[in-house]
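Undergrad: Have a look at this one before I ask anything.
The values are calculated or read from the model by the stated rules, or taken from the named source; none is laboratory data. Remember, it's a predicted structure, so these values are computed and weren't measured experimentally. Neighbour counts run over all protein chains shown; Cβ positions are idealised from the backbone, glycine included.
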Amino acid sequence: MGKYVITGGNRLSGEVVISGAKNGVLPLLAALPLMKEAYIYNVPFLSDVANTIKILESIGVKIKTEGNIIKSCVGELNPVVECGLSCKMRSSVLFLGSLLSACGQAEIAYPGGCALGERPVDLHIWAMKMLGAEVTERDNAILCRAKKLKGADICLPVQSVGVTENIILAAVLAEGITVIKNAAREPEIGNLCDFLNMCGADISGQGTKTIKIKGVKSLCPCSCGIISDRIEAATYMIMAAATGGELFIRNVNTDHMRVISAVLRKCGCIIKEYDKTIYIEAPHRLYSIPYIATGPYPYFPTDVQPQLMALMSMADGQSLMRENIFSGRYRHACELNNMGADIDIRDKQTFVINGVKKLEGTEVKAWDLRGGAALIIAGLCAEGITTIDNREFIERGYESPISKIQNIGGKIIAR
Ligand code: EPZ
């Protein structure tokens, strides 16, 4: 696996343009079997996007890419997503809903994705059954069949982003009405619903806990943009805060950044919001946060927990952090401790962070996408040189990280 080599100590300044959202583009790509053609723009070029394009081509969707634009055209659909492709990322599970809708059957090998602890697919399977699919599991694959999916009232036990998206993809062409209660409210789900509605779907309530989908006969071609990546934006904001710098974050939806901006203001940052731009200036003294917990949108996102932990490891005082979404999102804490941080990992979901004056550059390992981003933040502040192994994890979710960081004064190269 490749490495990043970072020389710490520079304060970052200038501007960074945020790309389309990884967690926005993946469900839209999974929806492409549902309509004859589509045109998606502001697509970030990430390895997860490249892998999803391979899945689409393997099931009979022709893809043309021109810069950050994807054009699709559906041919004869093959309902089987083979293991070599689906095991590379979590979002391949969304092809259950879209293939069931598009051709009445789907066979997906168990999805992969970041190792964040338990990542079952039981609710995805339960939801497909609720919509009338027959589901069997064999040789590490999930097989679904349904002559015609039927709308249902589905109350989710957890506000799962992926399960909410899978139900929408399965219900959009189903017979009758589907109501999702306790639905996830992430903006990326709104992006998917807006795209499907532009194609002729009848979806309402996105962004609230109750989403209603009235099945329609078919969907027509349309074009849609990907919303900007709030997690990437948060990552660069934290980079500025950690290095004593100042940044203009361009092409960002400030409404999606409310909780991030509030937390970073609590750390002492100066944050100003303009139309699609956020200006952030690091404080002279970085305040610790007595208690912060992750939760489903609009609460503090689990995908920014590792990055905030890296920041708090250099804050003045003690911070208590609780990870409420994933049971195993903690390995970055071990790596940060190898750099001289003082993080007490209580039970893999509770962390007591005692701020230290300085981190020391050393060899560390990215175990997942956002944990890797946290190590970049730490490396940019540490004394000396930090080498981060497994950079491919980071490139799953960040477009052109090296050029973006170099353009704002960060010393980082790939090896
Ligand atoms: C999506 O993952 C995102 N991935 C994740 O981003 C993000 O961390 C997560 O939502 C939470 O916001 C994409 O959108 C591609 P969940 P997803 O289903 O859908 C439990 C990143 O770094 N659950 O909302 O897989 C699950 O274990 C990635 O960009 C079940 O129990 O997450 C978790 O505790 C990481 N059974 C909780 O729900 C199921 O069948 C929320 O997970 C499904 C989920």
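Undergrad: Which of the residues that make up the stretch 379-399 are surrounded by fewer than 23 Cβ atoms within 10 Å (Cβ to Cβ) and over 22 Å from the mean Cα position of the chain (by Cα)?
TA: Listed by number, the residues that qualify are Glu383, Gly384, Ile385, Thr387.
Undergrad: Identify all residues within the stretch 297-310 that are surrounded by fewer than 21 Cβ atoms within 10 Å (Cβ to Cβ) and in a loop (DSSP other than H, G, I, E, B); write none if there are none.
TA: Tyr297, Pro298, Tyr299
Undergrad: Look at Ile189 and say whether it is over 23 Å from Tyr297 (Cα atoms) and within 13 Å of the ligand (Cβ to nearest atom).
TA: It is false that Ile189 is over 23 Å from Tyr297 (Cα atoms) and within 13 Å of the ligand (Cβ to nearest atom).
Undergrad: Another question, if that's okay. Here are some residues: Val81, Val61, Val16. Which one is modelled with pLDDT of 95 or more and either within 16 Å of the ligand (Cβ to nearest atom) or farther than 30 Å from Ala240 by Cβ (or both)?
TA: Criteria check complete, one pass: Val61.
Undergrad: In this structure, is Leu94 more than 20 Å from the chain's Cα centre (by Cα) and either more than 13 Å from the ligand (Cβ to nearest atom) or part of a helix (DSSP H, G or I) (or both)?
TA: Numbers: more than 20 Å from the chain's Cα centre (by Cα): no; either more than 13 Å from the ligand (Cβ to nearest atom) or part of a helix (DSSP H, G or I) (or both): yes.
No.
Undergrad: Determine whether Ile238 is in contact with a Pro (Cβ under 7 Å, 6 or more places away or on another chain), surrounded by 22 or more Cβ atoms within 10 Å (Cβ to Cβ) and within 23 Å of Cys334 (Cβ to Cβ).
TA: no
Undergrad: Quick check on my filter: what residues within the stretch 381-400 are in a helix (DSSP H, G or I) and more than 27 Å from Val49 (Cα to Cα)?
TA: Cys381
Undergrad: Determine the pairs where a residue that is within 20 Å of Pro111 (Cβ to Cβ) and within 13 Å of the ligand (Cβ to nearest atom), located within the stretch 140-166, has a partner that is part of a loop (DSSP other than H, G, I, E, B) and hydroxyl-bearing (Ser, Thr, Tyr) with Cβ atoms under 8 Å apart, the partner being 6 or more residues away or on another chain.
TA: Every condition considered, the pairs that remain are Ile142/Tyr110.
Undergrad: Keeping to the stretch 167-186, report how many residues are buried (at least 24 other Cβ atoms within 10 Å of the Cβ) and within 16 Å of the ligand (Cβ to nearest atom).
TA: 7
Undergrad: Report, by residue number, each residue of the stretch 195-206 that is assigned to a helix (DSSP H, G or I) and within 16 Å of the ligand (Cβ to nearest atom). Outline the logic, then answer.
TA: Our first condition is that a residue be assigned to a helix (DSSP H, G or I); within the stretch 195-206, this holds for 195-198.
Result: Phe195, single match.
Undergrad: Only residues that are farther than 21 Å from Pro306 by Cβ and in a strand (DSSP E or B): list them for the stretch 233-290, please.
TA: Matches in the stretch 233-290: Glu246, Phe248, Arg250, Ile270, Lys272, Glu273, Tyr274, Thr277, Tyr279, Glu281.
Undergrad: If we scan the stretch 293-308, do we find a residue that is without any contact (Cβ under 8 Å) to a residue 60 or more places away in the chain and under 23 Å from Asn10 (Cα atoms)?
TA: no
Undergrad: Shifting gears a bit: Please enumerate the residues belonging to the stretch 311-323 that are part of a strand (DSSP E or B) and either within 19 Å of Arg230 (Cβ to Cβ) or more than 16 Å from the ligand (Cβ to nearest atom) (or both).
TA: Step one: filter the stretch 311-323 for residues part of a strand (DSSP E or B), giving 316, 318-322.
Listed by number, the residues that qualify are Asp316, Gln318, Ser319, Leu320.
Undergrad: Might you let me know whether the stretch 119-127 holds any residue that is surrounded by fewer than 24 Cβ atoms within 10 Å (Cβ to Cβ) and more than 9 Å from the ligand (Cβ to nearest atom)? Even if it seems obvious, please write down each step before you answer.
TA: Keep residues of the stretch 119-127 that are surrounded by fewer than 24 Cβ atoms within 10 Å (Cβ to Cβ), which gives 119-123, 125-126.
From what's left, more than 9 Å from the ligand (Cβ to nearest atom): none.
Checked against the condition, which is being surrounded by fewer than 24 Cβ atoms within 10 Å (Cβ to Cβ) and more than 9 Å from the ligand (Cβ to nearest atom), the stretch 119-127 yields no hits at all.
Undergrad: Can Cys103 be described as more than 16 Å from the ligand (Cβ to nearest atom), out of contact with any strand residue (DSSP E or B) (no Cβ under 9 Å at 6 or more places or on another chain), hydrophobic (A, V, I, L, M, F, W, C) and touching a residue at least 60 places away in the same chain (Cβ under 8 Å)? First the steps, then the outcome.
TA: Numbers: more than 16 Å from the ligand (Cβ to nearest atom): yes; out of contact with any strand residue (DSSP E or B) (no Cβ under 9 Å at 6 or more places or on another chain): yes; hydrophobic (A, V, I, L, M, F, W, C): yes; touching a residue at least 60 places away in the same chain (Cβ under 8 Å): yes.
Spelling it out, Cys103 is indeed more than 16 Å from the ligand (Cβ to nearest atom), out of contact with any strand residue (DSSP E or B) (no Cβ under 9 Å at 6 or more places or on another chain), hydrophobic (A, V, I, L, M, F, W, C) and touching a residue at least 60 places away in the same chain (Cβ under 8 Å).
To keep it simple, each residue is scored yes or no on (1) in contact with a Phe, Trp or Tyr (Cβ under 9 Å, 6 or more places away or on another chain); (2) over 23 Å from Thr7 (Cβ atoms); (3) at pLDDT 95 or above.
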residue: Gln318; (1), (2), (3): no, yes, yes
residue: Arg322; (1), (2), (3): yes, yes, yes
residue: Val352; (1), (2), (3): no, yes, yes
residue: Gly372; (1), (2), (3): yes, no, yes
residue: Pro401; (1), (2), (3): yes, no, yes
residue: Ile408; (1), (2), (3): yes, no, yes
residue: Ile413; (1), (2), (3): yes, no, yes
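Undergrad: Related question: Select from the stretch 128-139 the residues that are assigned to a strand (DSSP E or B) and farther than 21 Å from Leu173 by Cα and write down the one among them that is farthest from the ligand (Cβ to nearest atom).
TA: Taking the stretch 128-139 first, the residues assigned to a strand (DSSP E or B) are 134-138.
Cutting the leftovers down to farther than 21 Å from Leu173 by Cα gives us 136-138.
Working: Thr136: 17, Glu137: 13, Arg138: 18 Å.
Checked the stretch 128-139; the qualifying residue farthest from the ligand (Cβ to nearest atom) is Arg138.
Undergrad: Let me ask something else. Is it the case, given these coordinates, that Val364 is touching a Lys or Arg at 6+ places or on another chain (Cβ under 7 Å) and of a type in the set (A, V, I, L, M)?
TA: no
Undergrad: Is there a residue being within 25 Å of the chain's Cα centre (by Cα) and farther than 23 Å from Val16 by Cα anywhere in the stretch 280-291?
TA: Checked the stretch 280-291: at least one residue is within 25 Å of the chain's Cα centre (by Cα) and farther than 23 Å from Val16 by Cα.
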